[in-house]
Amino acid sequence: MRLARIILLLILALLTGREALVGGSLTISVTDRNGAPVSDAVVYATATGSNAAAGHSHAVIDQENKLFIPYVTAVQVGASIVFPNRDHIRHHVYSLSPTKRFELPLYAGIPAAPVVFDKVGFVTLGCNIHDWMVAYVAVLPTPYFGVTGSNGRITLKDLPPGGYLVTVWHPLLKGSPDQLGQQLSLTSKDTNNLTFTLDLKPDFRTRRAPELSTGGYP
């Protein structure tokens, strides 16, 4: 009987530990002032207690058909990004943003080394050769983030129990994302829903120039 009791207690301890490891989830819907879904919005949840997780990652931003793909990328601070050029011409990638200034002079294929984004903030990317090539990188202090799709929704999964500040950023956002923050407390297995309404500036992106030749930059 004593052995059976010990085994039962061990099973309960394992189940309790497993339960503690199961995090909550959070589904965020982002719309504009007219109620239309907003794509390419970066949603991130920053832990307000001691449950903030560390760990960096990497990402890829392609140059294809003379465009940056994806248009918006989110990474945790300290992550590295590689910029492969999949076109048959050379590109010249750069950023003048204070968060990360860098330059990848005219090149084809894959650069020798990725770019490390070591400061929190938002970065605008461009190409010195093609003015319409613009993209953005959100460098975040948290591993809990995502980018909305065409339906304006994203689900953050496996958030450890605790308090969070949930924030949204978009390249066309008027004002600071800090003004939109919503506080939230999660317990294990919680499923929560939040809605954000963004005030966006008009999209005045330079449109892609028409094809004038089949040549390129050597």
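Assorted remarks:
- All lysines inside 16 Å of LYS174 as judged from Cα atoms, apart from same-chain residues fewer than 8 positions distant: LYS201
- Proximal lysines relative to LYS189, as straight alpha-carbon distance under 22 Å, when same-chain residues fewer than 8 apart are discounted: LYS157
- Of all DSSP beta bridges confined to segment 54-141, the antiparallel ones make up roughly 70%.
- Set of aspartates and glutamates near LYS119 by C-alpha distance (under 20 Å), chain-local residues within fewer than 8 positions excluded: GLU103, ASP178
- Shape category assigned to segment 54-141 from the gyration tensor of Cα positions, a/c cut at 1.5: prolate
- Karplus-derived 3J(HN,Hα) values for segment 189-200, using 6.51 cos²θ - 1.76 cosθ + 1.60 with θ = phi - 60°, are 6, 4, 10, 10, 10, 10, 10, 10, 10, 9, 9, 10 Hz; glycine and proline are entered as x.
Just so you know, all these numbers are worked out from the coordinates, no wet-lab data involved. Quick caveat, the model's predicted, so the values are computed rather than measured.
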